[in-house]
Amino acid sequence: MKSSFNEELCNVFLSANIPLTKLNIPIFHDFLNKHTKQIFPEESTLRKNYIYQCYKNTIIKIRDYVRNKNVWVSIDETIDVEERYVANAIIGILDVNNPRKIFLLNSEVLEKANHFTIL
């Protein structure tokens, strides 16, 4: 049975852009255990058992947000800092009052980037 605490913890770390590997730092892990009286999972437990559910929940929230609205979708090819070709798919709603709320749907590393890659 999955723990709601572990799922929420995983979601908080992912939402705050905190690498799950921070849980493997002994002093941090011990601090959390001591001051919350909660047993914290290892990073690998969250990665193996909870990330996918957090992903599915996020996709559901995005679908709910864009449902019955006019949307735009963009696919952009770029090169990352390690010189890998990457394609990003993003989506947003066409709303003058909220033009900056966009969502990254997917990022894929490509073998090469050209006009045939995305087809």
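Data table
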| read-out | value |
| --- | --- |
| Hey, N49 in contact with a helix residue (DSSP H, G or I) (Cβ under 9 Å, 6 or more places away or on another chain) and under 25 Å from K22 (Cα atoms) or not | yes |
| Counted residues, the range 1-22 - those being touching an Asp or Glu at 6+ places or on another chain (Cβ under 7 Å) and under 12 Å from Y50 (Cα atoms) | 1 |
| Pair list, Cβ under 6 Å, 6 or more apart: the range 68-97 residue within 17 Å of E111 (Cβ to Cβ), other residue open to solvent by less than 40 Å² (accessible area, probe 1.4 Å) and β-branched (V, I, T) | T78/V86; D80/V86 |
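The values are calculated or read from the model by the stated rules, or taken from the named source; none is laboratory data. The shown structure was predicted, so the numbers you read here are calculated from the model rather than taken from an experiment. A quick note on method: Cβ atoms are made from the backbone with ideal geometry, for glycine too, and the neighbour counts reach across all protein chains shown. What goes into the accessible areas is simple: the full protein's heavy atoms, side chains included, and nothing from ligands, DNA or RNA. Shrake-Rupley method; radii C 1.70, N 1.55, O 1.52, S 1.80 Å.
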